[in-house]
1. Can you work out ³J(HN,Hα) from phi for every residue in segment 60-75, in order, using Karplus 6.51 cos²θ - 1.76 cosθ + 1.60 and θ = phi - 60°, giving whole Hz and x for Gly and Pro?
2. Quote to one decimal, in nm, the extra length available between residue 55 and residue 101 on full extension: 0.36 nm per residue of separation minus the C-alpha distance between them.
3. Nearest 20 debye, what's the magnitude of the dipole of segment 2-106 about its Cα centre given +1 on Lys and Arg Cβ and -1 on Asp and Glu Cβ?
4. Looking at the square roots a ≥ b ≥ c of the eigenvalues of the Cα gyration tensor of segment 37-97, which shape do they give, rounded for a/c under 1.5, prolate if a/b is larger than b/c, or oblate?
5. In degrees, nearest 10, range 0 to 90: what is the angle between the Cα axis of helix 40-57 and the longest Cα principal axis of the chain?
6. Taking a Cβ-Cβ separation under 4.7 Å as the criterion for a possible partner, which cysteines of the chain have none?
7. Taking neighbour Cβ counts within 10 Å as the exposure measure, how do 69, 105, 94 sort from fewest upward?
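We did not get these values from a lab; they are worked out from the coordinates using the rules stated. All of these numbers come straight from a predicted model, not from anything done at the bench. When we count neighbours, we look across all protein chains shown, and the Cβ atoms used for this are built from the backbone with ideal geometry, even at glycine.
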Amino acid sequence: MPQRMNTLKFHRKKAASKRQAKEQLIGCFQKAREAFHQNPSVSHRLVKKARRLAMKHKFKIPAPYNRQYCRNCISFLMPGSNVSIRTRKGHVVYFCRECRHIRRYPYKPRR
Ligand SMILES: [Zn+2]
């Protein structure tokens, strides 16, 4: 069945490009972090690029990078610079100083 073989080949190829895209995404966030001190707008652009990659290849942005950008204005968040991180009532509160957007992440308190 040549038809089936073709689809198998296609899927394998797709998985490989997805892996590449994930590596690229990690690279984007690393570059964004490095570029931030010199030019924050470069970092914001890199985050937008990373998001486009994730959307195109249909994967979630990995957990450590997920909180490094603002969901509202899609800018790179550097703690101590343009985001304030506080804990409050079982939540970690991220306050973006670029657009004043607040995002809360629940956490499990230690018992
Ligand atoms: Zn924002």
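1. Listing the rounded values in order: 7, 5, x, 3, x, 9, 4, 9, 8, 9, 8, 6, 8, 10, 6, 10 Hz.
2. 14.3 nm
3. That gives a dipole near 560 debye.
4. oblate
5. The helix 40-57 is inclined about 40 degrees to the chain.
6. 28 - these cysteines have no disulfide-compatible partner (Cβ-Cβ under 4.7 Å) in the chain.
7. Numbers: 69 24, 105 12, 94 20.
Ordered by Cβ neighbours within 10 Å, fewest first: 105, 94, 69.
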